[in-house]
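**Q** Right, I'll just put the structure down here and ask away after.
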Amino acid sequence: MADKTFEVRESFAKALAEVSALTDLDKLRVEYLGKKGLVTDLMKDMKSLSIEEKKTFGQAVNVLKDEITEAIAAKQEELKQREIELENSRMPEFDITMPADLARGSYHPITLVQRQCEEIFKSMGFTVEDYSEVVTDYECFESLNIPKNHPARDMQDTYYLDNGQLLKTQTSAAQNAIYKKYKDQLVNEGKAIKAIFPGRCFRNEATDACHENTFFQMEGVMVDRNISISNLIFFMKTMLSEVFRKDIKVRLRPGFFPFVEPGFELDISCLICGGEGCPSCKHSGWLELCPCGMIHPEVLSAGGIDPEEYIGFAFGLGLTRLAMMKYGVKDIRDLNSGSLKCLDQFTDDK
Ligand code: DAH
């Protein structure tokens, strides 16, 4: 019987020497140690032996089994190591002393302005919300007090999907969802709703230097008890002064938007001529930047907020316009051009 363990040991050693891949090694393991393997077979042979013989033979088989298990584990390590070395040898060699390639990508000017505005509003306690580009008619118009066939829809023709949804024409489309999301906090915890939502908007426009079919806005809302137009002016003035890194003069003019009452156009004093009047501000000394107003009671109601108890302001900052002003971009189409020559000249500190 001892010969038998010897035979198995010999044949295993031979087979192991020939193995050069991990998959073959596993096959070998099954061939010897598996349920129907050669070592297991040896155990079966023991039935015919005397008790004494069983003891010595059993021990011999166990020793063999341990030897084979260890040999397989060692071989496995060796093969893995060899694979790593092979992989490394295929890697391209590089010279770590070579100077780094400093031609890096850069952020889009709109991204830069958007992030800057986000930081400023966050520091004033606003949350930054994310919102879909595809919205329903209800979100984009009806919940904003713009019923079907309202003439205010004419200025915001857009791209409709077969299922009746549309590409949002204005970030105001997120207002309804924001009110619903935070109304319980407002009522139960007395926590004011303060949120901004930047996003891409789409309109079916004929494009020129000032108009694009795809542009960015940043909507903002604040709802609480006792909010007034002064709060609105304060927040807008602070934000714009931070963005332009100088004190900015603002003024409000009446403006019509169905979702605010009263509604305003917020102008800033022209940054190019300092308010003296120049071609950029059409000699008025003022630039139109941010429509805004006190949120219409119907819009609050649609968002589940009682307009008898709460009041708020909303604004729709033209992020694209802001970026153009900040970086002196004269043609809006450059921003969507994908031209790196044009876009990679902007950095955060310009
Ligand atoms: N959504 C408007 C537009 O794109 C801009 C706007 C006006 C937003 C007044 C507001 C607002 O939040 O109060 O034309």
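**Q** Restricting to helices (runs of 4 or more DSSP H) lying wholly in the stretch 273-350: which have 2 or more residues that are within 16 Å of the ligand (Cβ to nearest atom) and within 25 Å of the chain's Cα centre (by Cα)?
**A** Details: elements: 297-302, 319-327, 340-343.
In the stretch 273-350, 319-327 are the helices (runs of 4 or more DSSP H) which contain 2 or more residues that are within 16 Å of the ligand (Cβ to nearest atom) and within 25 Å of the chain's Cα centre (by Cα).
**Q** Here is a follow-up. Enumerate the pairs (first residue in the stretch 197-211 and farther than 13 Å from residue 319 by Cα; second residue anywhere and in a strand (DSSP E or B)) with beta-carbon separation below 6 Å, excluding pairs fewer than 6 apart on the same chain, so at least 6 apart or on different chains.
**A** Listed pairs, sorted by first residue: 202/167; 202/214; 205/211.
**Q** Further question on the same structure: Which of the residues that make up the stretch 140-161 are among the charged types (D, E, K, R) and under 22 Å from residue 301 (Cα atoms)? Walk me through how you get there before you give the answer.
**A** First pass over the stretch 140-161, keeping only residues among the charged types (D, E, K, R): 142, 148, 153-154, 157.
Of everything in the stretch 140-161, those that are among the charged types (D, E, K, R) and under 22 Å from residue 301 (Cα atoms) turn out to be 142, 148, 153.
**Q** Has the stretch 132-148 got any residue that is within 27 Å of residue 167 (Cα to Cα), outside any loop (DSSP other than H, G, I, E, B), touching a Lys or Arg at 6+ places or on another chain (Cβ under 7 Å) and modelled with pLDDT of 95 or more? Let's see the steps before the verdict.
**A** Here is the first cut: in the stretch 132-148, the ones within 27 Å of residue 167 (Cα to Cα) are 132-148.
With outside any loop (DSSP other than H, G, I, E, B) added as a condition, the list becomes 134-135, 137-140, 142-144.
So of that shortlist, the ones also touching a Lys or Arg at 6+ places or on another chain (Cβ under 7 Å) come out as 135, 140.
Next, only the ones that are modelled with pLDDT of 95 or more stay: 135, 140.
Checked the stretch 132-148: at least one residue is within 27 Å of residue 167 (Cα to Cα), outside any loop (DSSP other than H, G, I, E, B), touching a Lys or Arg at 6+ places or on another chain (Cβ under 7 Å) and modelled with pLDDT of 95 or more.
**Q** Residue by residue through the stretch 158-180, note down the ones that are without any contact (Cβ under 8 Å) to a residue 40 or more places away in the chain and either among the charged types (D, E, K, R) or within 28 Å of residue 119 (Cβ to Cβ) (or both). Spell out how you get there, then give the answer.
**A** Filtering the stretch 158-180 for residues without any contact (Cβ under 8 Å) to a residue 40 or more places away in the chain gives 160-169.
Residues satisfying the conditions are 162, 167, 168, 169.
**Q** Regarding the stretch 167-174, can at least one residue be identified that is surrounded by fewer than 14 Cβ atoms within 10 Å (Cβ to Cβ), within 26 Å of the chain's Cα centre (by Cα) and within 16 Å of the ligand (Cβ to nearest atom)? Can you show your working first?
**A** Step one: list which residues in the stretch 167-174 are surrounded by fewer than 14 Cβ atoms within 10 Å (Cβ to Cβ), which gives none.
So far as the stretch 167-174 goes, no, none of its residues is surrounded by fewer than 14 Cβ atoms within 10 Å (Cβ to Cβ), within 26 Å of the chain's Cα centre (by Cα) and within 16 Å of the ligand (Cβ to nearest atom).
**Q** Moving on. Quick one: would you say residue 296 is under 30 Å from residue 185 (Cα atoms) and modelled with pLDDT of 85 or more?
**A** Details: under 30 Å from residue 185 (Cα atoms): yes; modelled with pLDDT of 85 or more: yes.
Yes: the conditions hold for residue 296.
The values are calculated or read from the model by the stated rules, or taken from the named source; none is laboratory data. A quick note: this is a predicted structure, and the numbers were derived from the prediction, not measured. Cβ sites come from the backbone with ideal geometry, for glycine too, and all protein chains shown count toward neighbours.
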